[in-house]
Amino acid sequence: MDAISATLTFLWEVVGYVEGLFFKDLKQTMKKEQCEVKLLVFTRKLEEVGRVLFLISLTQHMPAVHKQSHVSLLQEDLLRLPSFPRTAIDAEFSLFSEPQGKELFGLDTLHKVLWIKLLEEMFLGMPSEYPWGDEMMLFLNVFNGALLLHPEDSSLLRQYTATAINTAVHFNHLFSLSGYQWILPTMLQV
């Protein structure tokens with residue numbers, strides 16, 4: 001398990017600078033090595049943070065000509081996961097009051113900030129006229145859930161607000177019709 005974590009950490013640092021490396025290639029390699037099976041409360045959250053950081057790094061360093069196909073593949077993979085969006089907004093509230101609860105709370109907040117950042121990278125990597133269906137609500141559930149879980153964190157609030165503005169500008173056709181009803185109630189509630 002430690003070897004897998006170390007490998008993911010190494011890949012996260014390097015993969016963004018390797019030309020021609022795509023998410024689908026890494027996914028196939030990880031399946032061959034059974035990484036998905038081995039990466040089954042504190043350790044799981046660290047692994048999840050590492051995976052999200054890895055996807056952010058990969059998406060940010062993707063050549064512009066391949067970014068849309070990469071983001072589409074990432075979106076499809078997330079939608080196929082039976083645990084999405086639950087794992088993205090899952091929080092172990094009962095553990096926050098235990099001896100290492102403060103660290104776990106901070107790690108959970110970081111996890112939510114990173115998911116918001118990943119969603120922003122995905123949204124901005126899609127064409128502005130992307131034909132969204134009901135799947136948009138799954139992604140916005142992660143987005144809104146992060147704010148509801150940690151409204152007191154200023155870095156999360158900044159990332160949430162910046163992502164909301166950037167997404168609304170990027171998908172102006174969608175938000176001019178109905179997009180604001182998906183995010184404004186959460187913002188006003190907090």
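Quick notes
- Share of Cα-Cα pairs in the range 117-190 lying beyond 21 Å, as whole percent: 18
- Restricting the GluC sites (Glu not before Pro) of the range 104-136 to loop positions (DSSP other than H, G, I, E, B) with no more than 10 neighbouring Cβ atoms within 10 Å leaves Glu129.
- Note on the range 85-151: dipole from Cβ charges, positive end direction compared against Leu107, Leu124, Ile89; the farthest Cα belongs to Leu107.
- Length available on full extension from Leu177 to Arg44: 0.36 nm per residue minus the Cα-Cα distance, which gives 44.0 nm.
- Compactness index (Cα Rg / 2.2 N^0.38 Å), the range 60-190: 1.09
A short reminder: the numbers here are calculations on the coordinates, not readings from a lab. Since the model is a prediction, treat every value here as computed from it, not as a measurement. All Cβ positions, glycine included, derive from the backbone under ideal geometry; neighbour counts span all protein chains shown.
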